[in-house]
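Engineer: Below you will find the structure I want to go over with you.
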Amino acid sequence: MKRFLAEIADDFVSLVYPQCCEGCLGTLVKGEDLLCTECLSDLPRTDMHLDPNNALAIRMRGRIPVIAAAAFLRFRKKGKVQRLLHALKYHHRPEIGSKLGYVYGCELAASGFCKDFDLIVPVPLHSARLRVRGYNQAAEWGRGLSEATGIPFDPQALLRLRNTKTQTNRSRINRWENVSDVFAMRNADAIRGKNVLLVDDVVTTGATLEACGQVLLNAECTGLGIACIAIAQ
Ligand SMILES: [Zn+2]
């Protein structure tokens, strides 16, 4: 009876405040969550996890050794993915990160991509920015990946020492100088001897992943993988 009443209350709430799809702004039907079924199946997937020589793996080559690298979606200016990521970062919608993580985690698990990884570690936010935003979007994504794959999750392993400015207009060399002393281990024991899957939201040049990856490798993780929500071309 209690459950029945709760369900009626739920239906009533969604009747008065219909939930919108974050992709197309259409009304969600019962059983849909954040994204409508059509948007979910139409997301611009890269299928990188099925191709060891994908564009992200190639982008990281010669910079840091990675076992496997994949980004879930293609990022295009003014596209659906940009809208999702904008809501995730700036409109206080952490659940978009965990939802996408869960969806991709299921696909990764089915493909065998994750079988070698022992721990998921997100690229950290600086404590000042974390305080303002209230959550780390990369960690929300990592939490979803962890729930779907069963790989343990440690959002505290890495630490961001400096609150770097956005780096949109800098060359790769400058970016590297900018990020190389930005990250440190908070807890090296957590990753030593483990294969770590490093996760972030959007990958552009890969400089942030390279810097974090180097810190993890210096702290003696055994192997490194990368999983991002989206890749910008
Ligand atoms: Zn939709």
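Engineer: List, please: which pairs have Cβ atoms under 6 Å, are six or more places apart or on different chains, and start with a residue in the stretch 122-150 that is within 15 Å of ASP200 (Cβ to Cβ) and end with one that is surrounded by fewer than 23 Cβ atoms within 10 Å (Cβ to Cβ) and among the β-branched types (Val, Ile, Thr)?
Structural biologist: Here the result reads none, with nothing in the stretch 122-150 linked to a residue that is surrounded by fewer than 23 Cβ atoms within 10 Å (Cβ to Cβ) and among the β-branched types (Val, Ile, Thr).
Engineer: Looking at LEU35, LEU100, which one is modelled with pLDDT under 95, within 19 Å of the chain's Cα centre (by Cα) and open to solvent by less than 40 Å² (accessible area, probe 1.4 Å)?
Structural biologist: Only one candidate passes the filter, namely LEU35.
Engineer: Can you work out which of the residues in the stretch 33-49 that are free of Cβ contacts under 8 Å to residues at least 12 places away in the same chain and farther than 22 Å from GLN233 by Cβ is farthest from the ligand (Cβ to nearest atom)?
Structural biologist: SER41
Engineer: Report whether or not LEU197 is open to solvent by less than 10 Å² (accessible area, probe 1.4 Å) and in contact with a helix residue (DSSP H, G or I) (Cβ under 8 Å, 6 or more places away or on another chain).
Structural biologist: Yes.
The values are calculated or read from the model by the stated rules, or taken from the named source; none is laboratory data. This one's a predicted model, so the numbers in the text were calculated from it and none came from an experiment. When we count neighbours, we look across all protein chains shown, and the Cβ atoms used for this are built from the backbone with ideal geometry, even at glycine. The protein model used for the area step is the full one, side chains on, heavy atoms only, and it has no ligands, DNA or RNA in it. Shrake-Rupley method; radii C 1.70, N 1.55, O 1.52, S 1.80 Å.
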